[in-house]
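So the structure is just underneath, and the comments pick up after that.
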Amino acid sequence: MNRAPHKSAQAASPHLLARHRAGRLWKTGFSLSILFGLIALAALLFNVIDQSAGLLVTANKVDPSTLAEKPLEELSVKELTQILKSNLSNNRIKTIERNGVLMGRTQAELLELIDEQIVKPEVIASYHLFESLRHETEIRQQALGKNPDARIEWKIWLNWHFLTNVMSSNAQYAGVRTALLGSLFLIAVSILMAFPIGVGAAIYLEEYSDRRLRINRIIQTNIDNLAGVPSIVYGILGLAIFVRALSPLTSGVIFGVEGGNGRTILSAALTMALLILPVIIINAQEAIRAVPSSLRQAAYGLGATRWQTIWHHVLPYAMPGILTGSILAVSRAIGETAPLIVVGAATFITQDPNGVFSRFTALPIQIYNWTTRPQPEFRNIAAAAILVLLLSLLSMNAVAILLRNKFSRR
Amino acid sequence: MLRKNLVNKAAGEKKQLPAQARLWKKPRRGEAVIHAFLFICGAVSILTTLGIIYELGKEALLFFGSPEVKLLDFLTQTTWQPSIGKFGVLPLVNATLMTTVFAMIIALPVGLGAAVYLSEYASTRTRATLKPILEILAGIPSVVYGYFALTFMTPLLRGIFGAAQVQVYNTLSAGLVMGIMILPLVSSMSEDALSAVPRSLREGGYALGGTRFEVTRKIVVPAALSGIVAAFIIAISRAIGETMIVALAAGSGPAFTLNPFKAAETMTGYIVRISGGDLAYDTPDYNSIFAIGLLLFLITLVLNLVSRYLVGKYREVYE
């Protein structure tokens with residue numbers, strides 16, 4: 001299509017140049033809208049990465065050189081254990097030994113323990129990545145000028161320790177292990193409940209329901225509306241029904257679990273299942289609708305019953321689409337925070353979840369909790385936790401795309 | 001297993017009943033059970049809605065039934081301080097409206113602009129690259145946007161307007177970031193509506209000598225208007241129900257203020273704060289989150305219904 005103004009058209013319309021100028025102006029405006037979105041995305045990612053690494057200035061509470069005559073790194077396991085025992089109270093040692101006796105640990109683990117329990121480096125200042133890169137020497141001079149004993153080091157907050165450590169009130173030793181396990185548990189349980197029901201409902205609506213019946217139209221409208229209900233409303237529903245009304249069930253008391261309350265993984269997972277159900281249903285419906293009706297007619301023609309047709313022909317054909325949609329629903333659930341806060345996620349837990357009746361925390365809950373702390377180092381670990389969250393979302397979406405590509409080739 | 005049984009059953013029945021002409025009359029109990037089970041799956045959603053209305057309604061009634069609370073005061077008073085028995089919901093509603101308005105100032109024009117660009121101007125290839133990138137914005141969890149608001153947008157606003165003017169927690173920062181979050185929703189829904197406008201309408205416009213912008217503005221956008229309005233309404237509903245951004249960045253403490261630089265707690269922010277603390281069941285505080293939750297549910301329900309009606313309208317015309 002060539003819409004360059006023709007000579008005769010120019011003559012016909014004296015305002016043609018002005019009209020084209022206006023058109024170009026608006027076009028610039030429209031492309032600026034796109035640009036705005038791209039810049040916002042870039043700023044968001046930049047901000048998170050910027051805060052997830054940088055120079056960290058700490059000061060030791062106890063100088064490590066006063067603990068022993070030789071540098072600590074040269075000491076044996078026995079000597080290190082001795083240092084720990086002579087510097088910490090018996091109760092403290094007992095608490096630590098609950099996770100394994102001191103003598104049975106490696107030298108590296110003991111050194112870390114001494115650092116955490118005795119040396120206790122406190123954060124004086126924490127700098128962002130790009131700030132640190134640009135002004136490294138000034139930052140170092142300034143920090144040493146204020147406190148000659150200060151320890152200045154490069155810190156990448158997202159590291160292996162961060163993934164494997166349990167929570168701590170000191171940001172330097174805090175990790176997301178419990179939160180990550182909690183999130184995985186939660187997602188696994190909620191998808192186990194939501195997937196069969198969601199696919200069942202989609203099959204019913206697409207293959208069985210007679211749209212002339214009012215009840216079926218109500219179900220459809222209702223599902224569409226539920227998809228738009230704010231997630232916090234599901235949280236309140238979960239609080240009222242699963243946490244309070246069904247407390248004997250969700251706390252596991254009727255299964256013989258001791259002294260729990262309803263604020264368990266099970267309650268949260270049920271709430272989350274209700275939340276993702278409409279999304280799963282709508283996506284599965286679309287996948288089933290895309291199955292060509294010739295497939296069904298062929299099966300019926302060979303004498304198959306309705307369910308045989310669905311189970312052997314419609315579902316296998318629609319399954320990639322259903323799975324893709326479900327993965328997208330799950331990736332929405334992973335980031336949900338508000339309903340979990342309302343149903344009572346704990347913010348400080350150091351024990352791994354060990355079943356559906358245990359108390360729990362989740363990755364977004366930790367991000368929320370750490371972001372609300374005033375200290376800058378908690379912002380750093382919140383950024384690191386955000387990176388963990390975004391990377392897991394990214395990998396789930398990648399799986400969904402791969403799945404779609406693999407099956408759409410058929 | 002179910003499937004095996006069925007196949008066996010079907011095979012068994014065939015042996016017993018050679019009269020093939022009557023096959024359709026045979027009662028198929030397995031099929032009926034499956035049909036019933038699938039219907040129950042569909043009905044779970046109805047139960048969810050009923051559960052929401054029943055539970056929220058019940059607790060909300062308890063709230064309005066308690067002696068400190070009067071419905072008229074709830075709707076008209078401008079102080080929300082449960083500790084001294086003042087339950088006026090207006091500060092919370094006001095803060096919700098303010099963050100929503102700021103979000104819409106960003107999301108509606110920019111989202112529509114992006115949709116027009118993608119649907120009317122961009123080549124197929126540009127569109128195929130830009131659209132998924134914009135959709136990344138929609139996939140980022142809202143708690144991350146809350147972090148972004150608090151650690152990026154607020155310092156930025158304080159840099160522009162002065163730290164003395166702008167409080168650390170403020171409704172403007174939360175609203176603007178919320179706008180960024182909702183932008184892809186507006187753009188993808190509006191784009192769907194724009195692309196549904198038949199090509200023949202555009203061709204007609206060009207034939208009459210319209211420039212591309214004129215055809216877009218005077219023909220395509222009006223033709224897709226119901227879909228665009230539907231997108232706008234869904235966006236408003238989303239902004240009203242959005243929780244984590246306002247919980248992190250808008251402040252925790254009800255305040256009746258129209259100053260965008262001041263902290264003010266929204267309805268959703270209040271629910272998060274109260275339920276995140278140590279709850280004592282059956283106190284007016286606790287019951288109040290149900291009353292506010294119900295209000296939230298009803299507002300978003302109405303907006304969603306209106307939006308669906310409008311979408312149905314343009315689908316009816318063009319599809």
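Derivation of every value follows stated rules applied to the coordinates shown; laboratory data play no part. No experiment lies behind these values; they were computed from the predicted model shown. All Cβ positions, glycine included, derive from the backbone under ideal geometry; neighbour counts span all protein chains shown.
Remarks
- Take every pair of alpha-carbon atoms less than 8 Å apart whose residues are at least six positions apart; their mean separation over the length of the stretch A:348-388 yields a relative contact order of 31 percent.
- Selection of trypsin sites (Lys or Arg not before Pro), the stretch A:35-91, meeting DSSP coil and at most 13 other Cβ within 10 Å: A:Lys61
- Degrees, to the nearest 10: A:16-51 long Cα axis against longest axis of chain A: 30 degrees
- Taken residue by residue and averaged, Cβ atoms of other chains lying within 10 Å of the Cβ of A:153-165 number 0.
- Entries of B:Lys131/B:Lys218; A:Lys78/A:Lys155; A:Lys70/A:Lys120 with Cα pairs more than 21 Å apart: B:Lys131/B:Lys218; A:Lys78/A:Lys155
- Other-chain or far-sequence residues with amide H under 5 Å of A:Arg151's (modelled H): A:Thr58, A:Ala59, A:Asn60
- Against chain A, whose longest principal axis comes from its Cα atoms, helix A:177-203 is set at around 10 degrees.
- B:Lys313-A:Arg212 FRET efficiency (beta carbon distance; Förster radius 22 Å; 0.05 resolution): 0.50
- Coarse-grained scattering of chain B at q = 0.08, 0.13 Å⁻¹, given as base-10 log I(q)/I(0) from a Debye sum over alpha-carbon atoms: -0.55, -1.01
- Shielding score for B:54-64, defined as the mean number of other chain Cβ atoms within 10 Å: 2
- If you model the protein assembly as shown as an ellipsoid using its alpha carbon gyration tensor, with each semi-axis the square root of five times an eigenvalue, the axes come out at 47, 38, 28 Å, biggest first.
- Within the stretch B:204-271, chymotrypsin sites (Phe, Trp or Tyr not before Pro) in DSSP loop having at most 16 other beta-carbon neighbours inside 10 Å: B:Phe256
- Debye log10 I(q)/I(0) at q = 0.10, 0.13 Å⁻¹ for the stretch B:215-319, Cα point scatterers: -0.44, -0.64
- Taking 11 Å as the cut-off, the amide N atoms of the stretch A:56-70 that come nearer than this to a point 7 Å along the Cα-to-beta-carbon line of A:Lys120 belong to A:61-62.
- Solvent-free Debye calculation, one equal scatterer per alpha-carbon of the stretch A:121-176: log10 I(q)/I(0) at 0.18 Å⁻¹ equals -0.71.
- Mean separation of Cα pairs under 8 Å and 6 or more residues apart, divided by the residue count, gives chain A a relative contact order of 19 percent.
- Mean per-residue shielding of peptide A:215-226 is 5, counting Cβ atoms of other chains within 10 Å of each Cβ.
- Kyte-Doolittle mean at least -1.0 and Cα axial length at least 27 Å: DSSP H helices in chain B: B:29-65, B:90-116, B:171-195, B:284-318
- Remark: the stretch B:94-251 projects, on average over all directions, an area of 10.1 nm² (convex hull of Cα atoms).
- Using only alpha-carbon positions in the stretch A:261-410, the gyration tensor eigenvalues give semi-axes of 41, 18, 11 Å once each is multiplied by 5 and square-rooted (largest first).
- Theoretical gain in end-to-end length, B:Lys86 to B:Ile46 [0.36 nm per residue, Cα-Cα removed]: 10.8 nm
- Efficiency of FRET from Cβ geometry, A:Leu35 and A:Gln82, R₀ 56 Å, rounded to 0.05: 0.30
- For B:Ala43, net neighbour charge (Lys/Arg +1, Asp/Glu -1) across residues whose Cβ lies under 14 Å away: +2
- With respect to chain A, whose longest principal axis is taken over its alpha-carbon atoms, helix A:315-335 is tilted by about 40°.
- Bridgeable aspartates and glutamates around A:Lys61 (alpha carbons under 14 Å apart, same-chain partners fewer than 8 residues away excluded): A:Asp115, A:Glu116, A:Glu122, A:Asp149.
- Sequence ranges A:63-75, B:168-180, B:95-107, A:310-322, ranked by mean other-Cβ count within 10 angstrom, highest first: B:168-180, B:95-107, A:310-322, A:63-75
- Theoretical FRET efficiency, 1/(1+(r/R0)^6), r = Cβ-Cβ of B:Asp282 and A:Val253, R0 35 Å, to 0.05: 0.95
- A simple spin-label model places pseudo-atoms 7 Å from Cα toward Cβ; at A:Ala18 and A:Met103 they are separated by 9.6 nm.
- For A:Ala125, the residues whose amide H sits under 5 Å from its own are A:Val57, ignoring neighbours fewer than 5 places away on the same chain, with H placed 1.01 Å from N.
- Building the convex hull from the alpha-carbon atoms of the stretch A:197-311 and averaging its projection over directions returns 9.5 nm².
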